[in-house]
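Working notes for the structure below.
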Amino acid sequence: MRPGLPAPATRCPLTVVGGFLGAGKTTLLNRLLAGSQGRYAVLVNDFGAINVDAGLIQDHDGQTLRLTNGCVCCSLADGFLDTLMRVLAEPEPFDHIVIEASGVGDPGAIAEIALVEPGLVLRGVVVLADAERVPGLAADPRLGDTLARQIRAADLLVLNKRDLVDEAGRAAARDTLAALAPGVPVIETVAAALPASVFDLGGAGPDRARRGSARLRAEAVTHEEAFQRLLYRRAGAFDRAALERALTGMPASLLRLKGRLGLADRPGMHLLQMVGRRWSLSPLPEPAPDAAELVGIAATDPEAGPALAGLLDAALRPPHTPHGDRTRCA
Amino acid sequence: MPSEITLFEARRVITMNPSRPEATHIAVHDGRVLMVGTAEDCAGLDAVPDRRFADKVILPGFVEGHAHVMEGTLWRQTYVGAGDRRSPDGRRVPGLRDIGAVVDRLSEADRSIADPDQLLYGWGFDPLHLGGARLTRHDLDRVSTTRPVMVHHASLHITNVNSLLLEMAGFDETTAIDGVPKLPDGTPSGELQGIAARLRLFRGLGYNPMSGTLDAADVGRFGAAAQLQGITTIADLHNDLTDATVAVYGAACVEGLPVRIVPALASVSCPPEDGVARIGRLVAANTERLRFGIVKIVVDGSIQGFTARLLPPGYHNGAPNGLWYVAPEDLDRIVGIYHAAGIQLHIHTNGNEATEAALDAVEKAQIAHPRPDHRHTLQHCQMATEAQLRRVKALGLCLNLFSNHLYYWGDSHHDLTMGPERAARIDAAGSAARLGIPLAIHSDAPVTPLGPLFTAWCAVNRTTSSGRVLGPEERLSVAQALHAVTLGAAYTLRMDHCVGSIEAGKFADFAVLDADPFETPPEALKDIPVHATVLGGRVFAVPPA
């Protein structure tokens with residue numbers, strides 16, 4: 001009998017970045033590669049458009065770019081599956097794998113990989129839309145179905161190039177997205193300036209979560225002003241069903257939520273990961289101190305913090321002593 | 001001292017040269033035609049007579065303008081398709097018409113593979129020709145429960161595996177993706193589709209059996225399989241052309257290989273600016289047997305896979321529209337760059353919406369950068385409307401139609417994908433000929449079997465595998481079809497000055513037939529045996545089937 005694949009000790013998060021041609025995917029990925037604090041593998045379609053500071057480049061062989069910060073960027077031109085198989089076979093595991101869907105590709109089909117590949121866990125599907133073009137593309141008889149397929153696959157929508165439209169244009173773009181993917185959080189950006197923490201909110205695995213809090217405080221000051229950080233700290237443990245309801249109803253301005261929490265019906269800590277509307281809970285190999293600490297990233301919506309806290313509090317099981325603070329950072 | 005002149009004599013020479021359509025003698029010198037004519041015309045030559053084809057009919061060597069070198073790679077594996085084929089070593093490999101026969105052929109192959117762990121890989125399976133019968137893991141478990149077994153469909157998009165390989169890939173009743181369908185008992189059927197399922201399959205195997213570096217033997221099998229069908233020039237119409245592949249081609253395309261090969265650079269493998277530079281370097285290394293210079297762009301998927309892009313009213317059975325493999329605006333940009341650089345494009349468009357996008361792109365490129373005689377060619381172009389064909393003509397495009405589809409998927413197009421009206425004008429060669437569009441027809445091997453006489457038979461008869469005639473108005477005459485598989489195809493490859501007809505100065509490339517296609521009933525065109533080929537004056541025998 002042949003051995004199957006060994007079950008990896010930790011599953012590597014997978015994020016799929018989609019969006020129609022020109023929506024800003026490459027700009028986003030360039031930012032991610034240059035600013036990453038983890039060891040990322042980023043698989044891209046247009047390798048030639050990857051543009052990182054020369055000082056960051058350790059090695060470049062035409063198909064793979066190795067950066068001094070540990071990140072690797074691979075061209076998908078050699079074939080999608082062959083490239084991904086090479087990345088998955090790298091001896092040193094990555095903290096995060098990010099795959100760029102092509103400009104006409106379906107990011108949902110790529111995300112399915114994480115449903116069957118035991119080494120991967122889907123962190124989320126992030127789909128960018130060009131604020132100026134998205135209403136026209138949605139109505140285009142040639143392209144409307146391709147765009148709709150992409151938008152509907154999103155866990156988090158990024159309405160990019162916000163600076164190129166006036167208020168009416170912005171509303172039209174938001175209406176288009178809402179009609180195609182109702183309830184999916186939409187974050188507006190200029191030059192795809194999404195906070196890096198949407199991908200890596202204080203470390204990717206349990207080993208990093210311990211120092212996560214301190215890192216996040218430091219990171220927060222560098223945030224774009226369009227985003228705020230939310231901190232939720234409470235004693236007590238969550239009722240699982242109530243927590244699931246709370247997470248399903250989170251405010252649309254919430255982009256990202258991550259942290260450690262206890263569940264009333266299970267021993268041990270659990271790691272919550274949420275990107276847009278997609279979330280997962282996985283057990284951590286450490287005892288539960290009967291407390292929760294969650295960090296969120298949201299658009300500058302003054303209601304986001306109170307709404308988040310209210311929803312989570314309702315799922316928290318007494319007895320709990322509210323000693324937590326709620327910090328908003330500019 | 002000059003090399004000698006050989007004077008081939010035939011019962012009839014069909015030249016495809018309109019000013020000298022027929023002859024009986026061909027004088028060959030240094031690999032090229034010195035003179036075509038009668039015995040009397042050639043009497044003054046100091047030539048060595050060669051009468052071995054004296055009772056045969058000689059045509060220009062056939063030109064297959066759209067095939068893939070994968071035809072050579074796949075013959076390493078076990079053919080389990082529905083149509084008869086000839087393997088590169090000349091064996092006739094009968095088509096299989098039921099699941100039991102597929103299992104038997106695979107079991108035979110299983111016994112011949114010494115390594116008990118080596119993958120057994122079948123290819124060419126097509127359930128449409130087995131009355132829709134499905135292949136399940138239980139069938140493949142009858143082949144082996146201890147060796148991984150995998151069967152690729154003719155479409156290359158669906159794979160069936162045995163239970164062992166399912167287990168290696170980690171698929172079981174808990175697997176929850178569409179690409180891993182289940183049997184009524186909740187276990188996977190063994191059919192796998194889509195990138196997620198395929199990734200796990202390859203991860204389970206430990207490698208991707210569909211990729212890997214081309215080697216000289218693959219090119220050799222590709223050439224040998226083509227030669228058996230009378231082909232002397234063949235395009236490998238989608239290739240990444242890595243340095244390693246180019247080196248393999250360079251080493252393989254030498255004296256002894258019975259064909260000239262025309263590899264097309266796959267546009268998807270590099271940005272067009274890099275592609276222009278690569279073509280420039282490759283062309284400098286062209287030889288008489290290996291000719292780089294063309295670029296292939298794939299715009300949409302396939303009609304039978306419901307991935308072709310269709311204009312309204314869309315798919316006959318209501319399936320959603322297919323997939324763009326390149327966005328129309330990107331197509332404009334890519335076509336524009338190659339066109340301005342003087343490079344010839346071969347653009348795959350199956351559905352008529354993809355054809356429309358390609359026409360728009362070429363029109364914009366022509367307006368921005370007028371270029372005479374560009375000969376960009378729409379490949380497949382199976383659903384083009386009459387109005388689109390008029391644009392094809394007006395824009396100076398060529399067509400290479402996928403006539404083999406008429407036989408292999410014609411019934412499916414009639415019943416499912418297009419309905420009776422549109423299926424009747426699929427691969428509308430008759431319209432193309434009436435409009436005077438430069439025309440070739442092709443097999444897309446390994447998707448369908450290589451065989452220009454079969455392809456010509458499809459275009460002449462338009463008979464489906466069930467015997468239905470699809471659109472008799474779109475039939476070609478035998479003369480038109482033979483032109484399409486010789487000079488017509490040569491024209492689409494920009495090689496009509498050196499191959500595709502038999503005339504003084506051109507390469508001495510011939511297809512030698514046992515019977516005269518003009519004296520054969522059109523419905524028997526495909527059955528004419530190819531006796532031999534000649535490439536550059538050198539004779540290559542075809543073993544009897």
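Rule-based calculations on the coordinates, nothing more; no lab input. For clarity, every value in this text was computed on a predicted model and none was experimentally measured. Neighbour counts are summed over all protein chains in view; Cβ atoms, including those assigned to glycine, are modelled from backbone coordinates with ideal geometry.
Legend: mean number of C-beta atoms from other chains within 10 angstrom of residue C-beta atoms, peptide A:102-114, equals 4.
Couplings 3J(HN,Hα) of segment B:481-492, computed from phi: 5, 5, 4, 5, 9, 10, 5, x, 5, 4, 4, 5 Hz, in residue order, whole Hz [Karplus 6.51 cos²θ - 1.76 cosθ + 1.60, θ = phi - 60°; x for Gly and Pro].
Which percentage, to the nearest 5, of the DSSP beta bridges contained in segment B:332-483 is antiparallel? Spell out each step's value before the answer.
On the way: 1 of 12 bridges.
Bridges in segment B:332-483 that DSSP calls antiparallel: roughly 10 percent.
Once divided by 2.2 N^0.38 Å, the Cα radius of gyration of the protein assembly as shown becomes 1.06. Database remark: amide H of A:Leu122 closer than 5 angstrom to the amide H of A:Leu14 (H placed geometrically; neighbours at sequence offset of 5 or more, or on other chains; Pro and chain starts carry no H). Restricting attention to chain B, close to 45% of DSSP beta bridges with both partner residues there are antiparallel. Counting only residues at least eight positions apart within a chain, or on another chain, the lysines with an alpha carbon under 19 Å from that of B:Lys393 are B:Lys364.
Applied to segment B:37-47, the Karplus parametrisation 6.51 cos²θ - 1.76 cosθ + 1.60 on θ = phi - 60° returns per-residue 3J(HN,Hα) values of x, 8, 4, 5, 4, 9, 4, x, 7, 8, 10 Hz, with x for Gly and Pro.
Taking the three principal axes of the alpha carbon atoms in segment B:201-270, the coordinate ranges are 40, 26, 20 Å, sorted in descending order.
Which lysines have a Cα lying under 22 Å from the Cα of A:Lys161, excluding residues fewer than 8 positions away in the same chain? Reachable lysines: A:Lys25.
In this calculation the C-beta distance from B:Glu273 to B:Val469 is compared with R0 = 51 Å, giving a FRET efficiency of 0.60. Derived scalar couplings between HN and Hα for segment A:127-135 equal 10, 8, 9, 7, 4, 6, 9, 5, x Hz in order, rounded to whole Hz, by the Karplus curve 6.51 cos²θ - 1.76 cosθ + 1.60 (θ = phi - 60°), x for Gly and Pro. When the Cα positions of B:Cys42, A:Ala178, B:Ala358 are compared along the charge dipole of the protein assembly as shown, A:Ala178 comes out farthest toward the positive end, with charges on each C-beta of Lys, Arg, Asp and Glu. For the pair segment B:142-218 / segment A:39-66, the C-alpha centres are spaced 32 Å from each other. Sorted on the mean count of surrounding Cβ atoms within 10 Å across their residues, most packed first, peptides B:296-308, B:163-175, A:298-310 read B:296-308, B:163-175, A:298-310. Close amide H partners of B:Thr377, meaning residues 5 or more places away or on another chain with modelled amide H under 5 Å apart, are B:Leu345, B:His346, B:Ile347, B:Cys398. Under 5 Å between amide hydrogens, built in the peptide plane, is the criterion, and for B:His531 it picks out B:Val512, B:Leu513, B:Asp514 among residues at least 5 positions away or on other chains. Rounded to whole Å, the principal axis extents of the Cα atoms in segment B:115-230 read 50, 34, 26, largest first.
Take every DSSP beta bridge with both residues inside the protein assembly as shown and express the antiparallel ones as a percent of the total, to the nearest 5. Restricted to the protein assembly as shown, the bridges split so that about 50 percent are antiparallel. Looking at A:Cys71, A:Gly249, A:Gly236, which one has the Cα that reaches farthest to the positive end of the dipole of chain A (charges on Cβ: Lys, Arg +1; Asp, Glu -1)? Most positive-ward Cα: A:Gly236. When Rg and the Kirkwood Rh are both derived from Cα coordinates, the Rg/Rh ratio for chain B amounts to 0.97. Size estimate for segment B:243-329 follows the Kirkwood approach: the inverse of mean 1/r over distinct Cα pairs works out to 15.6 Å. Candidate cross-link partners of B:Lys526 among the aspartates and glutamates, defined by an alpha-carbon separation under 15 Å and a same-chain spacing of 8 or more, comprise B:Asp84, B:Asp514, B:Asp516. Determine the shape class of segment B:1-68: with a ≥ b ≥ c the square roots of the Cα gyration tensor eigenvalues, call it rounded for a/c under 1.5, and otherwise prolate if a/b is greater than b/c, oblate otherwise. Prolate. Figure legend: label point modelled 7 angstrom from the Cα of B:Asn286 along Cα→Cβ; residues of segment B:506-538 with amide N under 15 Å from it are B:507.
Calculated on C-alpha atoms, the gyration radius of segment B:27-122 divided by its Kirkwood radius gives an Rg/Rh of 1.23. Identify the chymotrypsin sites (Phe, Trp or Tyr not before Pro) of segment B:195-253 meeting these criteria: DSSP loop state and at most 15 other C-beta atoms within 10 Å of the C-beta. Sites meeting the loop and neighbour criteria: B:Tyr207. Let a ≥ b ≥ c be the square roots of the eigenvalues of the Cα gyration tensor of chain A; is it rounded (a/c under 1.5), or, if not, prolate (a/b larger than b/c) or oblate? Taking the square roots of the gyration eigenvalues as a ≥ b ≥ c, chain A is oblate.
Can you bin segment A:1-149 into rounded, prolate or oblate? Criterion: square roots of the alpha carbon gyration tensor eigenvalues sorted a ≥ b ≥ c, rounded for a/c under 1.5, prolate for a/b above b/c, oblate for the rest. Oblate.
I'd like the Kirkwood hydrodynamic radius of segment B:251-410, using the inverse of the mean 1/r over distinct C-alpha pairs, in Å. This gives a value of 16.6 Å.
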